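The values are calculated or read from the model by the stated rules, or taken from the named source; none is laboratory data. Predicted model only: the values in this text are computed from it and were never measured. Positions of Cβ are generated from backbone atoms using ideal geometry, with glycine treated the same way; all protein chains shown enter the neighbour counts.
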Amino acid sequence: MSNYYIRLTFYGRDRFVDFPCTRDEYRNFFDAAKKLATGGQNVASHFLLSVTADVKALIAIKEVQAVYFMEGEKVQANNVQNITPILDTQGISLYLKGRQQAIDIQMSGQGPLDDMIAGLTDSDYAEDGNQCVMLADDEGCSIFFVLDEIQYALVSASLVNPSS
């Protein structure tokens, strides 16, 4: 179990979510929060957290209302995101604005999803978005959505390039 958690409150969601992460991810997110508090210069628009070895979380910074940083062995993370759907089937769970339930997409192989995540984690907080992306599920059905609608996503780690 992780000793580092980031508790996030998102706009329009009733409950906060606790995300376990690595020490480096924790520190990078903390540094980003400090930069945002002083003007938001050179802050990534999205962060990728290693929830487990098998699941990553993609966080949209513009959608975060509050952040609570928790570290140590006695941390009480009492609302850890349920990752069972991602563990059961390889894919992505998208948590979009205005929706309490995730949109789950089963996928196989890297490609547009990996490119999308790399593009989001490399973009700057101040950049405008509203880009539309198309993904295909493991049955070949197309799914379109606007990137700015993502608050956070849970992704099978096997679908994410390690350099993302």
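Each row is one residue, and each column tells you yes or no for (1) touching a strand residue (DSSP E or B) at 6+ places or on another chain (Cβ under 8 Å); (2) part of a loop (DSSP other than H, G, I, E, B); (3) modelled with pLDDT of 90 or more.
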position	(1), (2), (3)
30	yes, no, yes
33	yes, no, yes
39	no, yes, no
49	yes, no, yes
52	yes, yes, no
57	yes, no, yes
65	yes, no, yes
68	yes, no, yes
74	no, yes, no
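Out of the residues in the range 77-116 that are in a loop (DSSP other than H, G, I, E, B) and within 20 Å of residue 136 (Cβ to Cβ), state the one that is modelled with the lowest pLDDT.
Among them, the one singled out is 110.
Hey, does the range 119-137 have a residue that's under 17 Å from residue 29 (Cβ atoms), polar (S, T, N, Q), touching a Lys or Arg at 6+ places or on another chain (Cβ under 7 Å) and modelled with pLDDT of 70 or more?
Among the residues of the range 119-137, not one is under 17 Å from residue 29 (Cβ atoms), polar (S, T, N, Q), touching a Lys or Arg at 6+ places or on another chain (Cβ under 7 Å) and modelled with pLDDT of 70 or more, which makes the answer no.
Can you report the number of residues in the range 26-40 which are of a type outside the set (A, V, I, L, M, F, W, C) and in contact (Cβ under 8 Å) with a residue 12 or more places away in the chain?
Of the residues in the range 26-40, 3 are of a type outside the set (A, V, I, L, M, F, W, C) and in contact (Cβ under 8 Å) with a residue 12 or more places away in the chain.
Taking only the range 54-71 into account, find how many residues are hydrophobic (A, V, I, L, M, F, W, C) and over 17 Å from residue 117 (Cα atoms).
5
I need the full set of residues from the range 1-31 which are of a type in the set (A, V, I, L, M, F, W, C) and surrounded by fewer than 20 Cβ atoms within 10 Å (Cβ to Cβ), in order please.
1, 10, 16, 30
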